[in-house]
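Notes follow the structure.
The values are calculated or read from the model by the stated rules, or taken from the named source; none is laboratory data. Note that this is a predicted model, so its numbers are computed, not measured. Heads up, the Cβs are rebuilt from the backbone with ideal geometry, glycines too, and the neighbour counts pull from every protein chain shown. Heads up: the accessible areas ignore ligands, DNA and RNA and are worked out on the full protein's heavy atoms, side chains in. Shrake-Rupley method; radii C 1.70, N 1.55, O 1.52, S 1.80 Å.
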Amino acid sequence: MVLVLFGAPGVGKGTQAQLLTERYGIPTLSTGEAFRQAIREGSPLGQQVRSYVDNGLLVPDELVTAIVEQALSAPTYQNGCILDGFPRTLPQAQALDELLARSGRRVDLVINLIVAEDEIVRRLLSRGRPDDTETVIRQRLRVYSEQTQPVLDYYAEQGKLVSVDGNADIETVHRRILEAVAQRVLRDNATT
Ligand code: AMP
């Protein structure tokens with residue numbers, strides 16, 4: 001199963017990805033986390049992406065896609081993957097389809113987590129990550145809203161998009177996601 005968690009910064013993708021990983025035993029691949037780790041380690045990748053991450057800008061598609069391609073070819077992800085924070089742009093979504101197709105895989109479901117903007121800002125400010133200052137948060141939200149619609153349209157056209165209301169506590173949102181996945185599995189079984 002390849003499951004994409006989509007949504008603005010601060011909607012709880014990382015938290016929900018972790019819960020899904022525990023529930024399904026499928027590892028999460030988080031591009032944001034991979035970048036933060038590279039920055040902490042001061043690796044060449046970290047040096048390449050630092051200024052983008054620090055300023056709330058998107059890392060160039062080619063770079064992100066190359067990282068994901070490399071990761072997804074590792075044995076760890078052969079039984080499936082929860083994608084947190086990727087794809088974020090239409091070219092990334094298209095590149096993901098291509099690279100999955102090469103190994104006979106595909107995106108199964110895209111969960112669009114929706115949270116009210118005031119709540120997003122409140123959550124991000126309380127999280128305290130280095131890129132969670134108010135200016136950078138605003139920038140990340142702006143970038144998100146510019147890039148979002150084409151990605152949502154792309155997956156909606158393929159019938160893979162499910163929206164989940166994320167304005168609730170962690171457990172409730174987790175249950176909503178599990179229901180969305182279960183419904184999808186039922187539907188797929190009925191049509192095949
Ligand atoms: P996140 O942890 O998903 O909020 O990502 C933190 C930062 O990493 C973002 O603000 C971007 O600078 C960068 N980043 C993470 N994922 C991507 C992606 N799919 N495309 C471009 N930049 C990304």
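Assorted remarks:
- Matching residues in region 1-20 - criterion: being away from the ligand (no atom under 11 Å from the Cβ), out of contact with any Gly (no Cβ under 7 Å at 6 or more places or on another chain) and either farther than 21 Å from residue 103 by Cβ or open to solvent by 10 Å² or more (accessible area, probe 1.4 Å) (or both): 15, 16, 18, 19, 20
- Considering residues of region 37-89 that are of a type in the set (Ser, Thr, Tyr) and either under 16 Å from the mean Cα position of the chain (by Cα) or within 16 Å of residue 5 (Cα to Cα) (or both) only, the residue least open to solvent (accessible area, probe 1.4 Å): 89
- Taken over region 18-38, the criterion of being more than 19 Å from residue 92 (Cα to Cα) and assigned to a helix (DSSP H, G or I) is satisfied by 18, 19, 20, 21, 22, 23, 24, 36, 37, 38.
- Test for residue 23: is it free of Cβ contacts under 8 Å to residues at least 40 places away in the same chain, basic (Lys, Arg), more than 8 Å from the ligand (Cβ to nearest atom) and surrounded by fewer than 20 Cβ atoms within 10 Å (Cβ to Cβ): no
- Filter pass, residue 121 being open to solvent by 10 Å² or more (accessible area, probe 1.4 Å) and assigned to a helix (DSSP H, G or I): yes
- Hits in region 145-179 (condition: open to solvent by 50 Å² or more (accessible area, probe 1.4 Å), in a helix (DSSP H, G or I), touching a residue at least 12 places away in the same chain (Cβ under 8 Å) and out of contact with any strand residue (DSSP E or B) (no Cβ under 6 Å at 6 or more places or on another chain)): 145, 147, 150, 170
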